Amino acid sequence: MEFLLENILNLIGFLVGLAIGIMSIIGFRNTGSPTLFRLTIAFFSISLGFFVIWAGYMAEDFVIKSGNIEKGIQTLGIGIQTVGYFFIAFSHSIKSFFPKSRYFRSVGIFPLFLVSSAQIEHIFRSVSFILLAYGAIETMLSYFENRNKGAISVAIGLALLAFGEFLGWYSFVFPESILYSVSMTIKIGGLIALFIPVSKIPLTKIKFDEGLE
Amino acid sequence: MAEYRTHMKIIGDILATTRDDLRDEDGATVTYLIRKANISHSRISRILKTLVSQGLLEQVDSQGSNKYRISTSGREFLQAYYTFTNFANNFGLSI
């Protein structure tokens, strides 16, 4: 069990993301709200991303045993998580995420075919950082409007996830250091901060209603 | 400045009006709902038709006029609506 800490942290990330995703899908099935649908996609993606990385570490520990996780698996997991962060930011009505100029669109897409998976991982991490920072700021602004205390916890959670992504991206400067584990721990702290207000939502009388759309 | 209401919020307001504001078991008239929900007649007519077809409101024929009252499913929906409004508010979002 060379990657015990990474295994545990990714598993926690998978479970917390899954729990929030399930809450969101119950909400979507009961109300048909598009916002809850976007949150469902967001948290299932985040959960799946952690699961892919966890599966990669498990395969490395028990099957491959080369001493290093396959970079492609890690990049895939982080890419899937980035999709989740995009949907959180998208729920806050991102209006100018994609550049309108055809030139900038081509510049934005073509480098992905020219760089290695390790560099793609850094691109995903930096995009995730921007999306999460945006989500944290928007959530904090909504707190100032509505004074909903749960929004503070979610804003802190998104900010911690952003900081974790930043440290994860920075860890490529010191590849074998503790920085990656610190980044993972901060990200899990962020997910738990997201889960705290969600866990207080009473679901006892909520049930799936197949007739609602 | 007037607050922007989502379609979901308007539905929540209509159901809450039929549940909380009425002591009359016969239900609410369209005029009463228009005043309370603050939307046009054509729009509320479409929404009421949908809510009745979904079983969230019951249409009652009372003394020649159509009235609407909340059904059991409607009460359950309203409870879910409030619960998940709170859930979404935690993310700084509205449903």
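Rule-based calculations on the coordinates, nothing more; no lab input. None of the values given here were measured: they were computed from a predicted structure. Cβ atoms come from the backbone with ideal geometry, glycine included; neighbour counts cover every protein chain shown.
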Check: Fully extended, how many nm does the chain gain between B:ASN66 and B:ASP13 (0.36 nm per residue separation, minus their Cα-Cα distance)?
Finding: 17.2 nm
Note to self: With 10 angstrom as the radius, rank B:TYR82, A:TYR85 by how many other C-beta atoms surround their C-beta, starting from the fewest.
What the structure shows: B:TYR82, A:TYR85
Checklist line | Packing-based exposure ordering (other Cβ within 10 Å, fewest first) of A:MET184, A:MET140 | finding: A:MET140, A:MET184
Margin query: Quick check on the exposure proxy: order A:LEU167, B:LEU93, A:LEU5 from fewest to most C-beta atoms within 10 angstrom.
Written below: A:LEU5, A:LEU167, B:LEU93
Margin query: Suppose the Debye formula is applied to equal point scatterers at every Cα of segment B:7-85; what is log10 I(q)/I(0) at q = 0.22 Å⁻¹?
Written below: -1.00
Next item on the list: Identify the GluC sites (Glu not before Pro) of chain B meeting these criteria: DSSP loop state and at most 12 other C-beta atoms within 10 Å of the C-beta.
Entry: B:GLU3, B:GLU25
